[in-house]
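Remarks on the structure that follows.
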Amino acid sequence: MLVMQVIPPKEWIPRKAGYDDISSTIPAPIKQMVNGSKGLYQLYNVQQKPMSAAEFAVLATSDV
């Protein structure tokens, strides 16, 4: 399984209040599916159903 890491810019500072109070909805989140081997890969973007920012945060921090 390929694990990607997001590295923020050096200027980025996290919010002092945290991120638990965000109540927006992501209308069309995208899941990326990668298939291939031996140097030939295909990337598919699959549009998901709308989800809240809290649901997205749980999904983004999971091992799935």
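Assorted remarks:
- Summed over segment 48-57, the residues that are assigned to a strand (DSSP E or B) and among the hydrophobic types (A, V, I, L, M, F, W, C) give a count of 1.
- The residue of segment 12-47 that is nearest to the chain's Cα centre (by Cα), among those that are polar (S, T, N, Q), under 22 Å from LEU59 (Cα atoms) and outside any loop (DSSP other than H, G, I, E, B), is GLN32.
- Residue match in segment 9-28 (condition: of a type in the set (Gly, Ala, Ser) and touching a residue at least 24 places away in the same chain (Cβ under 8 Å)): yes
- GLU55 vs. criteria surrounded by 10 or more Cβ atoms within 10 Å (Cβ to Cβ) and among the acidic types (Asp, Glu): yes
- Qualifying positions in segment 1-55 - among the β-branched types (Val, Ile, Thr) and touching a strand residue (DSSP E or B) at 6+ places or on another chain (Cβ under 9 Å): ILE22, THR25, ILE26, ILE30, VAL34, VAL46
- The residue pairs whose first member lies in segment 33-50 and is over 17 Å from LEU2 (Cα atoms), whose second member is among the charged types (D, E, K, R) and at pLDDT below 95, and whose beta carbons are closer than 6 Å, counting only pairs six or more residues apart or on different chains, are VAL46/LYS31; GLN48/LYS31.
The values are calculated or read from the model by the stated rules, or taken from the named source; none is laboratory data. Quantities reported herein were computed from a predicted structural model and do not represent experimental measurements. Every residue, glycine as well, gets a Cβ built from its backbone with ideal geometry; the counts of neighbours run over all protein chains shown.
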